[in-house]
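The structure appears below as structure tokens.
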Amino acid sequence: LVSETDHQTKLWFSETLSADRYYGSGLSLLASFPVIEVVNTHYTTCSGLVDGASDCMASKGFQVVRLQVGAAQIDVYNTHFEAGGGTEDNAARTAQVGEVIASLQDYSAGRAVIFTGDFNLRESDPEDLPELVRLEEDGELEDVCKTLSCDEPDHIDRVFIRSGAGVTLSAEQWANVSADFLDSAGTTLSDHPPISASIAWETTD
């Protein structure tokens, strides 16, 4: 996939936490804008090696890429939160949400943010909803799907935005593009429906 693109920025967060982790974070980013700074952070907790969705086989975390977008700077966050629905899975996911919020409040304080990824959080799950609310309230984030009243609000792959530092971000479009995400034989390319969002930006200073 990466070799066939002409994006200016191609990043892959592949480092593992230790020898007993079999995989990296699985996070990557393609962008048509130059990078100012990259911060890759591993989560401090996980649940399950051969159970609970086996998240401890991977070195999950979150990636922050500060991009120069014209005259603006935007912090792009990408993550894959803990999977599974058990008590320990929920506790690990809660801790991970807290770690991202800490970064939003510290490293990205007052800055414009796009935050996307596999959140493993559904509005319809009473265990998950408080974590989505935390992201919106404590992270000062806006859910693109909710803003646009999208017709499929319960996907675990989500896009959040936040304006800041003289940059206004606006949600323009949200879509499930499953019909376009196929190989030459018509087979789906992912076990998740692919989510697309269009976000406008403008400088306000």
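The values are calculated or read from the model by the stated rules, or taken from the named source; none is laboratory data. Everything numeric in this text was worked out from a predicted model, so none of it was measured. Backbone-built Cβ (ideal geometry, glycine too); neighbour counts: all protein chains shown. In case anyone asks, the SASA skips ligands and DNA or RNA and just uses the protein heavy atoms, side chains included. Shrake-Rupley method; radii C 1.70, N 1.55, O 1.52, S 1.80 Å.
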Note on the range 102-120: residues open to solvent by less than 10 Å² (accessible area, probe 1.4 Å) and touching an Asp or Glu at 6+ places or on another chain (Cβ under 6 Å) are S108, V113
Taking first residues from the range 4-20 that are on the phi > 0 side of the Ramachandran plot and second residues anywhere that are open to solvent by 100 Å² or more (accessible area, probe 1.4 Å), the pairs with Cβ under 8 Å that are 6 or more apart or on different chains are none
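Kindly indicate whether E82 is part of a loop (DSSP other than H, G, I, E, B), charged (D, E, K, R) and under 20 Å from S103 (Cβ atoms). Break it down stepwise before answering.
On the way: part of a loop (DSSP other than H, G, I, E, B): yes; charged (D, E, K, R): yes; under 20 Å from S103 (Cβ atoms): yes.
So E82 passes the test.
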Considering the range 124-164, residues that are more than 16 Å from the chain's Cα centre (by Cα), open to solvent by 60 Å² or more (accessible area, probe 1.4 Å) and acidic (D, E), and then whichever is farthest from Q68 (Cα to Cα), we arrive at E127
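Check the range 145-161 and report whether any residue there is over 20 Å from S198 (Cβ atoms) and touching a strand residue (DSSP E or B) at 6+ places or on another chain (Cβ under 7 Å).
First pass over the range 145-161, keeping only residues over 20 Å from S198 (Cβ atoms): 154, 156.
Narrowing further to those that are touching a strand residue (DSSP E or B) at 6+ places or on another chain (Cβ under 7 Å): 156.
Yes: the range 145-161 contains one or more residues that are over 20 Å from S198 (Cβ atoms) and touching a strand residue (DSSP E or B) at 6+ places or on another chain (Cβ under 7 Å).
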Among A72, A31, the single one that is small (G, A, S) and in contact with a Gly (Cβ under 8 Å, 6 or more places away or on another chain) is A72
Exactly one of D151, D89 is assigned to a helix (DSSP H, G or I) and of a type in the set (D, E), and that residue is D89
Matching residues in the range 34-86 (farther than 21 Å from L141 by Cα, crowded, with 19+ Cβ neighbours inside 10 Å and touching a residue at least 40 places away in the same chain (Cβ under 8 Å)) number 3
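Residues checked against (1) without any contact (Cβ under 8 Å) to a residue 40 or more places away in the chain; (2) part of a helix (DSSP H, G or I); (3) hydroxyl-bearing (S, T, Y):
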| residue | (1), (2), (3) |
| --- | --- |
| N120 | no, no, no |
| S124 | yes, no, yes |
| E131 | yes, yes, no |
| I161 | no, no, no |
| A171 | yes, no, no |
| A185 | yes, no, no |
| D191 | yes, no, no |
| S196 | yes, no, yes |
| W201 | no, no, no |
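Applying the selection to the range 153-205, what residues are acidic (D, E) and within 14 Å of A72 (Cα to Cα)?
Our first condition is that a residue be acidic (D, E); within the range 153-205, this holds for 154, 157, 172, 180, 183, 191, 202, 205.
Correct list: E202, D205.
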